[in-house]
1. Regarding the protein assembly as shown, what's the average projected area of the Cα-atom convex hull, expressed in nm²?
2. Going toward the positive end of the dipole of chain A, with +1 on Lys and Arg Cβ and -1 on Asp and Glu Cβ, which of A:Gly67, A:Ile142, A:Gly108 do you reach last?
3. Quick check on packing: order B:388-399, B:410-421, B:481-492, A:96-107 by the mean number of other C-beta atoms within 10 Å, highest mean leading.
4. How fast does the stretch B:222-320 diffuse by Stokes-Einstein, in µm²/s, taking the Kirkwood radius from C-alpha pairs at 20 °C and 1.002 mPa s?
5. Give me the number: length gained by fully extending B:Ala332 to B:Asp84, i.e. 0.36 nm times residue separation minus the C-alpha to C-alpha distance, one decimal in nm.
6. Please list, by residue number, every one of the GluC sites (Glu not before Pro) in the stretch B:482-577 that is coil in DSSP and has at most 11 other beta-carbon atoms within 10 Å.
7. How big is the dipole moment of the stretch B:219-354 about its Cα centre under a simple scheme where the beta carbon of each Lys and Arg is +1, that of each Asp and Glu is -1, and everything else is neutral? Debye, nearest 20, please.
8. Tell me the mean residue ellipticity at 222 nm calculated for chain B from its helices only (DSSP H runs of n ≥ 4, each -39500 (n - 2.57), averaged over every residue, nearest 500).
Amino acid sequence: MAAKNIFISGVGGQGTILAGKVITTVLVNLGYDVKMSEVHEMAQRGGSVITQIRYGDKVYSPLIEKGKADVLLAFEKLEAVRYVEYLAPKGILIVNDLEMSPASVLIGKEEYPADIVERLKEKIENTIVVDAVGIAKECGEIRSQNMVLVGVLAKVMGWPKDALISVIRDVVPEKYVDVNIMAFERGWDMGVI
Amino acid sequence: MKKAFLTGNEAIARGAYEFGVSFASAYPGTPSTEILENIAKYPEIYAEWAPNEKVALEAAAGASMAGARAIVSMKHVGLNVAADPLFTLAYTGVNGGLIIVTADDPGMHSSQNEQDNRNFAPFAKIPMLEPSDSQESKDLIGEALKISEMFDTPVLFRTTTRVSHSRSVVLLGERSSFGMKPYFKNPGKFAMIPGFARKRRINLKERLKALEDFSEQFPYNKVEWGKNSEIGIITSGISYQYVKEVFGDEVSVLKLTMTFPLPKKLIAAFAEKVKELYVVEELDPYLENQIRAMGFKVRGKELIPEIGELTPEILREKLKGEKQNNNFGLFAQLPSRPPVLCPGCPHRGVFYVLKKMKAVVTSDIGCYSLGVLPPLESIDSILCMGASISMGHGFKKAFEVNGEDVTVITVIGDSTFLHSGITSLMDAVYNRSNTINIIVDNSITAMTGHQHHPGTGYNAKGEPAPAVSLEAICRAIGVEKVVVVDSYDLKAVEDAVKEAMKYRNGPSVIIARRACALLKGKGPKGIYAVNKEKCRKCKICLRLGCPAIQVKGDGLFISPLSCVGCAVCAQVCPFGAIEKAGDD
Ligand SMILES: Cc1ncc(C[n+]2csc(CCOP(=O)(O)OP(=O)(O)O)c2C)c(N)n1
Ligand code: SF4
Ligand code: SF4
C-alpha cells in the first residue's frame, strides 16, 4: 500500500497530541509502518501546532509534502486555511467549526477572516464540518473534542472501530474513558462524505 | 521482539538503557531535552540535570574515565558551551564508552541560531554518527559505544529536529550488562599537561587513521543501487529519508551514517560508477566540500538551500523540477498565531514595568524572551544564555566612558542565571558596574518544558534535592544590594527598579519571584472580569498582552476559560474596572 498522509493542525492545548497518539497506536497495532512528526514550538500555549502522520507498507519521510495529504484534520478554522496547501487536490478536509482568535485579533489589530467554512466548502469538494465542541459538551466533557474529531477521521479512513475504542481505553485516564468513547462514537457517525 | 513507537530522543534513551549506559547528564535544550527526561525513567541509569552543558560533559567525562558507559546530550548551541572540554577529551580518550549527543535545529523552530554541528567532528577530531530514524537512533547508540571503547575516543552523535522529534517503529531489546571497566591511574593519558598532550596528539592522529579504515567497513555506510546507476546521490541523516521518499529506487544512493571520518574509498568507488553525482544534505555543504576536495565533480548546494530545514518538496522541486502549489485560491493573508506568554505568566508584569523606564534592557533566553515582541517590546538585546548580565555591563561601561548616564537593566531567568549568569555577575561586581540585574525567578526551566535545575529543590528523577539560593549566590559574590519582590506585585517591582536606579555602588540584583503559571498547584487562583460600568475603554490593559483579555464589540472582555487570576491586569487599569469575579 502506498503511504497515506494525515495532516493535523490546531492550537496548542486542544488535545492534538493525544489524538495523534491514539491514531498512531492504532496504525502500529494494525501492522503498518508509521511515522509521525510533531512541532510544538515553545512551552507557551496558544501557538499553532501541527502533527503529521504517514502510514503504509514502507514510509520514509516523516514529513508530508504540500498537496499530498489525504486528509487535513483541522481542530480550528483558521488553522484549516493556514495548512490547506498540504491537502491533495481530491483530499478530504475535516474541520472543527471552532473559532479561536490569535492574539493579534483579540486585541483588535487584525481581523479573523469571515466565512471560512463557506469558502472552504466552496473550494474543497470533500469537506466535513464538525461542531466538535458542541458534541463534546453534550458528551459531558468539552476536552473530548479531540476524540470527536478522531471518530470522524477513523470512519473516513475506514479503520476498524474496535481497534480505536480499545486504544482509547488504554491511553485515556480511567475517569474519562466513557466520555471519550462516547465522543468518538458521535464523531464516527459523522464520518460520511 | 517487542515493538514500540518512539521519537528519536526516546529511542536514544532506550539505546542508552539497552547498551549498558550507567551515567547520563544533560542540560535541557530543544530538540534534545527528552533524551535525558526519558533516560531518567530507567532506575538502572544514574541521570542528572547539570547546570550547563560544559558541566554535563565534564561529569560524563569523569564517569567514563572511571570506567562507566556514559552519555551526555544537548542542543546544538549547548555544544558551543561544552566545546572546551570536548576538544581536549579527544586527546585523553575514554575508558568506558562516551557519547556526546548534539541535536541540531535546522530552521530554528526553537533556537537563536542555526548551526551545523557536523563541523565539530573534524574540528575536534572525534568520530561522528548520524541516525536517520528512531530504530537507528537506538541501534547506533550501541555502535557508538563500541566505537568509543574500541578506538578510545568520545563519539559525537548528531541528530536534527526531525530525527529527534519524529516517531517511528522501533524493535526493542533487553538491557545487556557491560559492567564497569576497571580504572587504573594513568596521568599520561588523563592529565593533559603539554608534555603528555603532545604525545596524545600523535596518538589522536593514529586513531583517526584507524577510524578512517573502520569507516570503510562500517556496515551502516552503505550503497543502495537503484534501477538507475546514472544518477548517484550521497546523503546522510534525515536527508536520506527525503531522498528515498522522492526518488525511491529510481536512483542509486550512498547512505553515510559515519560522517566523520568519511569512508573515502567507498565514496570514490560510488562516484566512479555513476554518471552524475549529487550530495543531498541539510544546512552546510559539509559532505560536499570534502567530496569535492577528493577531486569529484558533484552538485549540492548550487541546487539545495543551505538555509533552513530541508523538506521532500524542496528536493522534488530542485532535483526533479516538480512544483506543488495549491492553496485552493483561499485567503492570501492570514493572521499569524505565534506563541505568547501564558495567561498569568509571572514575566508579563516585569516587562510591563520595564517598558515604562527609559533604559537599555539586555535580556536573555527563556520564556521571557517574548518580552521583545509587541505589546511589551521592552528588550534591546538577546544573544546567548548568560549574556544579559555581561552585555549589560559592557553597555554600561561604554556609555560611562563616553560620559553618558544611561540606565542599563539586565533580565535573566533562574535556570539561565545558574547556567551561565553567575560569572557574568561576578564581572559586574569586580569591575564595579552600576547595572540593575533582574532575575525573573519562576522556579523552573519553563521554556524547554519545565525541567528542574539546581535551584528548584528537585533532581532529574523528581526526587527532593538541595536547592541553591539565588540571593545567597548574589551576596556571596559581592552584590550588596539584593532585593526579592513578587513578580505579580507591579508596584513592588517598579519601586525596586526605581530604588535600584538611585544606587551607584556597583551592580544591584532584583529577584522577581513567582512560580511559572503552568506549574501544577503553584499557579494563582481566581478569575478576574471587566466591570462594564467602570470600564472607559482606554485599552491600557491590552498593553499587557495577556491572551485572556480580548476586545469584544466595542468593549473589553476577559475570557473566564483562559484567565488564571494573577491580578496583574487589575493593577494596570487606571479606573479600577478589572475586578475579582470568582475564586476558581
Ligand atoms: C547553551 C544553551 N543551552 C540551552 C538552551 C535552551 N534554552 C533556552 S532558554 C533555556 C532556559 C530557560 O529557563 P529560564 O532561564 O529559567 O527561563 P524560563 O523559560 O523559565 O522563563 C534553555 C534551556 C540554549 N538556548 N542555549
Ligand atoms: S510556561 Fe510559565 S514562564 Fe513560560 S510563558 Fe507560560 S507561564 Fe510564563
Ligand atoms: S488576571 Fe488579568 S492578566 Fe491575569 S490571567 Fe486573568 S486576565 Fe490575564
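The values are calculated or read from the model by the stated rules, or taken from the named source; none is laboratory data. Computed from a prediction, not measured in an experiment: that's the story for all the values here. Because the Cβ atoms are built from the backbone with ideal geometry, glycine has one as well, and the counts that use them run over all protein chains shown. Surface accessibility is based on the protein's heavy atoms, side chains included, excluding ligands, DNA and RNA. Shrake-Rupley method; radii C 1.70, N 1.55, O 1.52, S 1.80 Å.
1. Values: hull surface 141.6 nm².
With every direction weighted equally, the projected area is 35.4 nm².
2. A:Gly67
3. B:410-421, B:388-399, A:96-107, B:481-492
4. Numbers: Rh = 13.2 Å.
Answer, rounded: 162 µm²/s.
5. Details: separation 248, 0.36 × 248 = 89.28 nm, distance 4.86 nm.
Value of the extension gain: 84.4 nm.
6. Working: sites: B:Glu494, B:Glu499, B:Glu533; in loops: B:Glu533.
The qualifying sites are B:Glu533.
7. Working: 18 positive and 17 negative charges, 31 e Å.
With Lys and Arg at +1 and Asp and Glu at -1, about 140 debye.
8. Details: 20 runs with 200 residues, N = 584.
Dividing the helical sum by the residues of chain B leaves -10000 deg cm²/dmol.
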